1. If a residue has to be of a type outside the set (Ser, Thr, Tyr), part of a helix (DSSP H, G or I) and under 26 Å from residue 79 (Cα atoms) to count, how many in the stretch 277-303 make the cut?
2. Quick check on the stretch 73-116: of everything there that is of a type in the set (Gly, Ala, Ser) and either touching a strand residue (DSSP E or B) at 6+ places or on another chain (Cβ under 7 Å) or over 15 Å from residue 173 (Cβ atoms) (or both), which residue is surrounded by the fewest Cβ atoms within 10 Å (Cβ to Cβ)?
3. Can residue 306 be described as assigned to a helix (DSSP H, G or I), buried (at least 24 other Cβ atoms within 10 Å of the Cβ) and touching a residue at least 24 places away in the same chain (Cβ under 8 Å)?
4. Pairs only if they're at least six apart or on different chains, beta carbon under 6 angstrom, first in the stretch 59-72 and under 22 Å from residue 240 (Cβ atoms), second crowded, with 23+ Cβ neighbours inside 10 Å and of a type in the set (S, T, N, Q); list them, first residue then second.
5. Determine, yes or no, whether residue 39 is touching a residue at least 40 places away in the same chain (Cβ under 8 Å), out of contact with any Cys (no Cβ under 7 Å at 6 or more places or on another chain), charged (D, E, K, R) and surrounded by fewer than 19 Cβ atoms within 10 Å (Cβ to Cβ).
6. Show me the helices (runs of 4 or more DSSP H) found entirely inside the stretch 193-246 where at least 1 residues are farther than 23 Å from residue 283 by Cβ and hydrophobic (A, V, I, L, M, F, W, C).
7. Does at least one position in the stretch 306-319 carry a residue that is at pLDDT below 95, touching an Asp or Glu at 6+ places or on another chain (Cβ under 7 Å) and under 21 Å from residue 192 (Cβ atoms)?
8. Among the residues of the stretch 168-187, what is the count of those that are within 14 Å of residue 262 (Cβ to Cβ) and in a loop (DSSP other than H, G, I, E, B)?
Amino acid sequence: MKDKFLNSGKKAAGAGAMIVAALLIGAILVILSGNSPIEAYSTIISGAFGSKQRLSELFVKMIPLTIMAYGVSIAYKAQLWNIGADGQFTMGAIASMAVGIYLDLPAFIIIPISVLSAMIAGALWSGLAGWLKTKFNANEVITTLMLNYIATYFLAFLVYGPMMDPNGELAQSEILRDPLKIPLLFSNLRIHGGIIIMLLIIIMMFFFWKTTLGYKIDLIGQGEKVSTYAGVNVKKTVIITMMISGALAGLAGWNEAYGVQYRLLEGISSGYGDLAVVIALLGELNPLGIVVSAFFFSILKVGGASMQRMTNVPYSIVDVIQGLIIIFVIARTAFKITPIKEWIGRRKNNVK
């Protein structure tokens, strides 16, 4: 137990060090642009926590990021690189909005159907990549990435064509009926009931890895030979894993469509899928680590927008910080594959 806590502490310290390093390099860039890093970072903090409205926005951003990061982490545990969360999010939003717009049924029937349709759409979109991997050994990084583009262009086709609001001129669908919208927690804030779903997903993830399926997924991540020897049907579990990963991204799409936008529009995913990948990796695929990481990136997104409005520092500084964290995460992964101690040991043996 002591070793477990010590290991968790080391991982948390490593993640914190990467964030600090990224912020320090970001501060240097702010200075080079002729601005004060203290002012820039204090504006980010005040922009995220300075009022009830800003704090509300922080959680509005955190909800889909957390849900998608958990989905991505499930795939990554099995060494499956799901880069297509944006596409799965988009397909989930499309499917759920189609249900909300075209089915003339009471809200208490539409809402659960829309949730299921979003999760099924995301699961099938991700499951397709899993099937291609098991059937043709297609690289899931490439297939999930390509499926992102297909989903994006399919959304554009719909909002400019069949699902375009007939009463408007913008590339967007009709707005949802009021009874279908996720209720707001406070009348003057944008934070909505989707946060309850996020909390339920967080609780679920703390128990998921103790289930039989969670054990099988974790076992696949340790190697195909190991999992096969343990009696795991690898191909079946790979497809199921990808489908669960995509289902959570689709659920996040439903959340955005029914809780924030209330309609389909271009760019509805807002790049959440790319951030979800970073959040999952920075959080070490740990349920608690992912929550903390999602909270940090939500601060950057909400506070960065305020920084751009209130100072001369461009929002691109936030993008640079995010990019640096990605680089540090990749670098740390590389060092895990070939630890420095092992490298030194091999050098000593070669000298002898």
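1. Number satisfying all stated conditions: 16.
2. Checked the stretch 73-116; the qualifying residue surrounded by the fewest Cβ atoms within 10 Å (Cβ to Cβ) is 107.
3. Values: assigned to a helix (DSSP H, G or I): yes; buried (at least 24 other Cβ atoms within 10 Å of the Cβ): no; touching a residue at least 24 places away in the same chain (Cβ under 8 Å): yes.
No; evaluated as a whole, the condition is false for this residue.
4. From the stretch 59-72, the pairs are 71/245; 72/82.
5. Values: touching a residue at least 40 places away in the same chain (Cβ under 8 Å): yes; out of contact with any Cys (no Cβ under 7 Å at 6 or more places or on another chain): yes; charged (D, E, K, R): yes; surrounded by fewer than 19 Cβ atoms within 10 Å (Cβ to Cβ): yes.
Criteria met by residue 39.
6. 224-229
7. Here is the first cut: in the stretch 306-319, the residues at pLDDT below 95 are 306-319.
Retained after the next criterion (residues that are touching an Asp or Glu at 6+ places or on another chain (Cβ under 7 Å)): 311.
Filter once more, so that each one left must be under 21 Å from residue 192 (Cβ atoms): none.
Checking the stretch 306-319: not a single residue is at pLDDT below 95, touching an Asp or Glu at 6+ places or on another chain (Cβ under 7 Å) and under 21 Å from residue 192 (Cβ atoms).
8. 10
The values are calculated or read from the model by the stated rules, or taken from the named source; none is laboratory data. Just so it is clear, the model here is predicted, and its values are computed rather than measured. Ideal geometry is used to build each Cβ from the backbone, glycine not excepted, and the neighbour counts take in all protein chains shown.
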